[in-house]
Amino acid sequence: MNKPQQLFCLFLATGLLSCGDVNVNIGNSAPAAEEAPKTESPAAEQAPAKPAETLPVIKAKAGSQRIMDWGTKPKEELEGPTDPWVWDSWFCQGPSEEGLKASSTLAPQGKFNYKVSNMGDNDPTTAWVEGNADYGIGEYVEFNDLGVGSDSEVNILNGYQASRSSWENNSRVKQLKFSLGGKDYFIVELADAMGTQSFAFPKDFDQALSKAEGKGTKIRITIMDVYPGLKWKDTAISEIFRCLSNPN
């Protein structure tokens, strides 16, 4: 049922009485914008637009499954090292802690921490989480190297892969920029999927990396775009590592 129309009246400068609907605007006042509906998941809104880039874009190779169960952590062996959990073999290496730093890191919560060294610990249940109040676009990690094999692929576990819910509720990286010694080289586009994704360094970056070896030149990876989480804007990376192509 329509509500009865309410009227207001004004005395005009001419002395006449003028009446109209209360919703009519007076003078130059603009109509108030309708408030957007509130949601339970503010992070699920569209991520901020990323700045324009002209760098080459490489698409990482991902598995066919979007969701992955890593199972339980391998048990310690009585003799020899424990079997790798994430890494293909023990001929893999993440960023060494020497020279490793992040532009920001989410503060610990209870027994959980989100330090940058989590990216190289062979454990999918830990992650570096940036500490920006928004989606973390522009936040970065710097490290000296990935340790092994100039001809080997780089592997990334995108997002917080401790469980399906932690992965879906937190944001994941969509585009990651690689720089060396202050020069930007390329962007990796990651799939919105759990599990390991891999890609090869472009030739010019690999050559520059070889020339910079031992000189303290930093690799920087910068978050350029994200897949928004269902609940939180915090963007995470669980692992980044490199393995020898042929350890034998």
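Each label point was placed 7 Å from the Cα along the Cα-to-Cβ direction; for THR54 and ASN113 their separation is 4.3 nm. Shown here for region 91-179: GluC sites (Glu not before Pro) in loop regions (DSSP other than H, G, I, E, B) with at most 10 other Cβ atoms within 10 Å, namely GLU98.
For the pair ILE67 and LYS183, a Förster radius of 30 Å applied to the C-beta separation gives a FRET efficiency near 0.20, rounded to the nearest 0.05.
For the pair TRP90 and LYS211, a Förster radius of 22 Å applied to the C-beta separation gives a FRET efficiency near 0.20, rounded to the nearest 0.05. Taking 0.36 nm per residue of separation and subtracting the Cα-Cα distance, full extension of the segment from LYS101 to LEU78 would add 4.8 nm.
Looking at region 101-153, the trypsin sites (Lys or Arg not before Pro) that sit in a DSSP loop and have at most 14 other Cβ atoms within 10 Å of their own Cβ are LYS111. Amide H contacts for TYR227 (H built 1.01 Å from N in the peptide plane; partners 5 or more residues away or on another chain; cut-off under 5 Å): ARG172, VAL173, LYS174.
Here, each number is a calculation from the coordinates, and none is a lab measurement. Only a predicted model underlies this, so the values are computations on that prediction, with no experimental measurement involved. No Cβ is skipped: glycine too gets one built from the backbone with ideal geometry, and neighbour counts run over all protein chains shown.
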